[in-house]
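No value in this document is a laboratory result; all are computed from the given coordinates. None of the values given here were measured: they were computed from a predicted structure. Here the Cβ positions follow ideal geometry from the backbone for every residue, glycine too, while neighbour counts run over all protein chains shown.
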């Protein structure tokens, strides 16, 4: 695929009102993508779909400020049968829960419909801003809670995200009511597609070192010698051999830069496994207020 105008589908993690769906909307807005949003059950299904359909893109969560790195996303890209599936952009999306209702009057809200998980995540707001004698009804999902509002009077509200408010035509009475107002998730856009330097780029690679003393140090020294700024490095056990580790490294710059390309060419011979995971624009942060 040569550009975003050729995109036919953009895959993301279900359900249709998830934060992954919200991240998909943001990527489509930023890059003017008109592909059909297509939900999948697993990260692997998304990567496989993108690998088999060069005219498609995928959206994957890779990191959360509370839960850390989502290993499965990188594992699936590294092991994709299509080696050209790469990261082409990333963005940071706030994880905000909102108080939703059919009414616009927050002072009339005396009761709540929500999932047990979201009740636990919004305790401060629930205890301090809603009546003590409120009736609380638990549901399985945010979408179920929003749909249940139609069966009750206007004193009931639910907890959900902005996507659910939009799809269920509900009013947002309060936003960011979760106990951790700084919770964010990083999403990546993947595809069989080359990117061009933007001046605000990051490159990601994955590799395994040879089983020799100082093997990792020799690789890290190459970054120093080429004046490349590392922004992230992690290791994780190989699924095939628990005694072998895969390193994932992020660093500033685009692969088309001469120093990056030189460094990568020096690194490859010193590894037992190497995978270029993409050069992509970074620093995109979504803010709703």
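For the chain, the longest principal axis of the C-alpha atoms and the axis of helix 43-52 are separated by about 60°.
When only alpha carbons of the stretch 1-91 are considered, Rg and Dmax amount to 12.3, 36 Å.
Of all DSSP-defined beta bridges confined to the chain, some 75% are antiparallel rather than parallel. Diffusion coefficient of the stretch 153-248 by Stokes-Einstein, Kirkwood radius over Cα pairs, 25 °C, 0.890 mPa s: 130 µm²/s.
Two decimals is fine: what is log10 I(q)/I(0) at q = 0.10, 0.16 Å⁻¹ for the stretch 195-289, from a Debye sum with one equal scatterer on every Cα and no solvent? Those come out to -0.29, -0.67, one per q. Across all Cα atoms of the stretch 200-251, the radius of gyration (one decimal) and Dmax (whole number) stand at 12.0, 36 Å. The angle between the Cα long axis of helix 258-267 and the main principal axis of the chain comes to about 70°, on a 0 to 90 degree scale. Given the stretch 76-125, report the % of alpha carbon pairs whose separation exceeds 17 Å. The share of Cα pairs beyond 17 Å in the stretch 76-125 comes to 62 percent.
In terms of packing, defined here as the mean over residues of other Cβ atoms within 10 angstrom, the peptides 122-131, 176-185, 230-239 line up highest first as 176-185, 122-131, 230-239. Computed from the alpha carbon atoms alone, the convex hull of the stretch 102-151 holds 81 Å³ per residue. In the stretch 92-177, the ratio of gyration radius to Kirkwood radius, Rg to Rh, stands at 0.92 when only Cα atoms are counted. Just to confirm the number: angle between the C-alpha axis of helix 19-31 and the first principal axis of the chain, 0 to 90 degrees, nearest 10? The angle comes out near 60 degrees. Shown for the chain is the translational diffusion coefficient from the Stokes-Einstein equation, using the Kirkwood radius over Cα pairs, a temperature of 10 °C and a viscosity of 1.306 mPa s: 76 µm²/s.
Remark on the stretch 130-184: Rg and Dmax equal 11.8, 33 Å (Cα only).
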